Amino acid sequence: MPLIKENHSLKNLNTFGIDVNAKYFVEAHHVEDLQAIFESPIVKEQAVLILGGGSNMLFTKDYEGLIVRMNILGIEVEQQDTEVWVTAGAGEVWNNLVSYCVEHGFAGIENLTLIPGTVGASPIQNIGAYGVEIKDVFASCEAFETATGLVRTFSPEECGFGYRESVFKNELKGKYIITSVTYKLSTKPNLKTHYGAINAELERRNIQQPSISDISEVVAAIRVSKLPDPKTIGNAGSFFKNPIITKAQFDSLFQKFPEVAHYPAPNNKVKLAAGWLIEQCGFKGVVDGQTGTWKNQALVLVNHGHATGDEVYRFSEKIIDTVQHKFAVNLEREVNIF
Ligand code: EPU
């Protein structure tokens, strides 16, 4: 049974850098650790929260329960001709896996370079960037069922992937803990360079026939130029989702704001750029006490050093209300609030 610590600081375990404690804290290095933890009496009495890289959460207060930090490591590869199945432990740092795959010439996740967080979190919110989402390369995952202690395999269909969505955030929330993920990659790259910023950066570098490591480098450069590094400025990436609205709603918005940034979405819907809506409300680069929005990306809320989670949350309410008032569009938080 791994050691359960009391009053453990979470400051270095959430990328917002919010200074809160967990009442109880334990690390799981193996599936057997999860089995032991979930059989222990403490779990019956306490709320339980599974923590990966802490890159998509905002703690507004101390966590009055047990935090289980996933630290299951390991990368295994199976190759058949050009097809490669890479299985990684849930606790592996996502970007380390990306670097490993790029170095070995395994294509498919290079566009997801530098996304903070861990492997285990990648299917939960179907992480995505620059034209690629996890669902495009997801083969399967193994997950520990908290009620039974059994490990089950999930196929892509069973995960119910959507835009920043999966069953693990919805119907099965709190019921399973992802222990490993298998991605189907290829040694024959099928590069996705259609995202405007990638194309522009490739052109600027005069790269006509990019390799996967070129793409990975270009994506890293774009991210670094737009997004704050959580090591120096606390943040959790995009704080809100890009809203998806009906065509009718879009038409009336477009009449008033013909310059509104938008993209087609499935089922005849329209996706709006939340960053644009927030910027138009005058929030880009705003400093509000110890919090604010990032100067190069209004969708990212930051901690200027000593913000409390509550302060960041209240600032996010202000943004939601202002956007609602100006555009009649509801912004939903992408970040999990605790
Ligand atoms: N925009 C503005 N002002 C801003 C920010 C954005 O006007 O301050 C407009 C521009 O029109 C820009 C457009 O929004 O062209 C899109 O901006 P960007 O390319 O930065 O992407 P995003 O839609 O803001 C999404 C993801 C990011 C992902 C990027 C790149 C969500 C919620 N966010 O952001 O994911 O890196 O696309 O693919 O879908 C994350 O989820 O944490 C995250 C960083």
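The values are calculated or read from the model by the stated rules, or taken from the named source; none is laboratory data. Bear in mind that the values here come from a model prediction, so they are computed numbers and not experimental data. With ideal geometry, Cβ positions are generated from the backbone for all residues, glycine too; neighbour counts draw on all protein chains shown. Note: accessible area is taken over every heavy atom of the protein model, side chains too, but ligands, DNA and RNA are not part of it. Shrake-Rupley method; radii C 1.70, N 1.55, O 1.52, S 1.80 Å.
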As an exercise, identify the GluC sites (Glu not before Pro) in the stretch 128-202 lying in DSSP coil whose Cβ has no more than 15 other Cβ atoms within 10 Å. Glu171
Per residue convex hull volume, Cα only, the stretch 5-70, in Å³ is 75
Across the stretch 94-100, in residue order, what do the Karplus-derived ³J(HN,Hα) couplings come to in whole Hz, using 6.51 cos²θ - 1.76 cosθ + 1.60 with θ = phi - 60° and x for Gly and Pro? 3, 5, 5, 5, 4, 4, 4
In Hz, Karplus ³J(HN,Hα) per residue of the stretch 247-257 (6.51, -1.76, 1.60; θ = phi - 60°; x = Gly, Pro): 4, 5, 4, 5, 4, 6, 5, 5, 4, 7, 10
So what is log10(I(q)/I(0)) for the stretch 39-134 at q = 0.10, 0.18 1/Å, when the Debye sum runs over its Cα atoms only? -0.34, -0.87
Kirkwood Rh over alpha-carbon pairs of the stretch 215-266 plugged into Stokes-Einstein at 10 °C, 1.306 mPa s gives a D in µm²/s of 113
Using mean Cβ contacts within 10 Å as the protection proxy, how do 207-214, 115-122 order, highest first? 115-122, 207-214
Given contacts defined as C-alpha pairs under 8 Å and at least six residues apart, what's the relative contact order of the stretch 1-157, whole-number percent? 17
Quantify how much of the Cα-Cα distance distribution of the stretch 234-337 extends past 22 Å, in percent. 28
What is the set of long-range amide H partners of Asn21 at a cut-off below 5 Å, with H atoms built 1.01 Å from backbone N? Leu10, Asp62, Tyr63
Leaving ligands, DNA and RNA out of it, report the carbon-plus-sulfur percent of the accessible area of the chain at a 1.4 Å probe. 48
Computed over the stretch 75-186, Kirkwood Rh from alpha-carbon pairs, angstrom: 13.9
Relative contact order, percent, of the stretch 234-337 when contacts are C-alpha pairs under 8 Å separated by at least 6 residues? 32
Would you mind pulling out the separation of the Cα centroids of the stretch 221-253 and the stretch 81-134, in Å? 20
Bin width 20 Å, origin at 0, all Cα-Cα pairs of the chain: what percent of pairs per bin? 29, 59, 12, 0
Within the chain, longest stretch free of exposed trypsin sites (Lys or Arg not before Pro) [DSSP loop, at most 14 other beta carbons within 10 Å]: 62-172
